[in-house]
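See below for the structure under consideration.
The values are calculated or read from the model by the stated rules, or taken from the named source; none is laboratory data. Keep in mind that this is a model prediction, so the values were computed, not measured. In this analysis, Cβ positions are derived from the backbone assuming ideal geometry, glycine residues included, and neighbour counts consider all displayed protein chains.
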């Protein structure tokens, strides 16, 4: 008999400072956080989160009136393991000769 897993999968949450942020809610547990630094400036924050099957996240605009939407994680790309999610965000920082890096918090 298979052992049940703690999460239904993993997703990558994205926030862009000054534009919007993605917030975890019930059924979402942040596992790791990375700053995406492009030519010395943080352009995005990626968070790998373990999610329950029916979990939702909250996306909030930084500018007034701070519009917020609850988005089901089922519409996001889901990864079977934490390592698969890590590889997905690592690909974002590999642009040949561009100065782009991921910095783990």
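Brief remarks follow.
- Meets criteria (modelled with pLDDT of 95 or more, farther than 15 Å from residue 26 by Cα and loosely packed, with under 12 Cβ neighbours inside 10 Å) for residue 62: no
- Subset of segment 26-54 [buried (at least 19 other Cβ atoms within 10 Å of the Cβ) and on the phi > 0 side of the Ramachandran plot]: none
- Out of 68, 26, 55, sole residue that is more than 25 Å from residue 100 (Cβ to Cβ), in contact with a strand residue (DSSP E or B) (Cβ under 7 Å, 6 or more places away or on another chain) and in contact (Cβ under 8 Å) with a residue 24 or more places away in the chain: 55
- Scanning segment 5-55 for residues that are part of a strand (DSSP E or B) and over 19 Å from residue 79 (Cβ atoms) returns 16, 20, 21, 23, 35, 37, 38, 41, 42, 43.
- For segment 75-89, the set of residues classified as part of a helix (DSSP H, G or I) and surrounded by 12 or more Cβ atoms within 10 Å (Cβ to Cβ) consists of 82, 84, 85, 86, 88, 89, listed by residue number.
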